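Q: Shown below is the structure under consideration.
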Amino acid sequence: MATTVATRRTLIRADAMQRVLAFAALIVLFVVFSLASSNFLTFSNVIGILLATAVNGVLALGVTFVIISGGIDLSIGTVMTLAAVMTGVFITKWQMPIVIGVLGGLLTGAACGLING
């Protein structure tokens, strides 16, 4: 019993340490790049970084719900990518309105999920 409690405490400390180290690494990166270039922390650069990572953030939110529900498999990334590409095709190549293009991408992903699942 005592070793189980000690093992749990060790695992909790290791998990907490990983989270702190990941955040610390992010802070170190910001400091290093800010010192290396005077243009790094400008408003336009921060907006550019956020825009570049927005798609990955939205896709990560979707995967989070799949992981929580316990239904993860290897095709999730492929279906998400197909839905994202089809959304882009609907909006840019087929000149659909943004709302219709997003709905088309969602329907593409849902159809693939139904067929695959």
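Q: Please name all residue pairs, on different chains or six or more residues apart, with Cβ atoms under 8 Å, provided the first residue is in segment 17-31 and is closer than 20 Å to V46 by Cα and the second residue is modelled with pLDDT under 90.
A: F30/L41
Q: Let me ask something additional. Among the residues of segment 68-87, write down those that are of a type in the set (V, I, T), without any contact (Cβ under 8 Å) to a residue 24 or more places away in the chain and surrounded by 11 or more Cβ atoms within 10 Å (Cβ to Cβ).
A: The answer is I72, I76, T78, T81, V85, T87.
Q: Still on this model: Could you grab the pairs with beta carbons closer than 8 Å, sequence gap of 6+ or different chains, first residue in segment 38-61 and within 26 Å of V102 (Cβ to Cβ), second one of a type outside the set (S, T, N, Q) and assigned to a helix (DSSP H, G or I)?
A: Close Cβ pairs satisfying both conditions: V55/A84; L59/M80; L59/A84.
Q: Would it be correct to say that T108 is at pLDDT 90 or above and β-branched (V, I, T)?
A: yes
Q: Looking at S37 and the list (1) open to solvent by less than 90 Å² (accessible area, probe 1.4 Å); (2) within 20 Å of the chain's Cα centre (by Cα), which single condition is not satisfied?
A: That leaves (2) as the condition not met.
Q: State whether one or more residues within segment 89-110 are aromatic (F, W, Y) and loosely packed, with under 10 Cβ neighbours inside 10 Å.
A: Looking for residues that are aromatic (F, W, Y) and loosely packed, with under 10 Cβ neighbours inside 10 Å, one finds none in segment 89-110, hence no.
The values are calculated or read from the model by the stated rules, or taken from the named source; none is laboratory data. What you see is a predicted model; the values in this text were computed from it and never measured. No Cβ is skipped: glycine too gets one built from the backbone with ideal geometry, and neighbour counts run over all protein chains shown. Quick note on the areas: whole protein, heavy atoms, side chains included, nothing else; ligands and nucleic acids left out. Shrake-Rupley method; radii C 1.70, N 1.55, O 1.52, S 1.80 Å.
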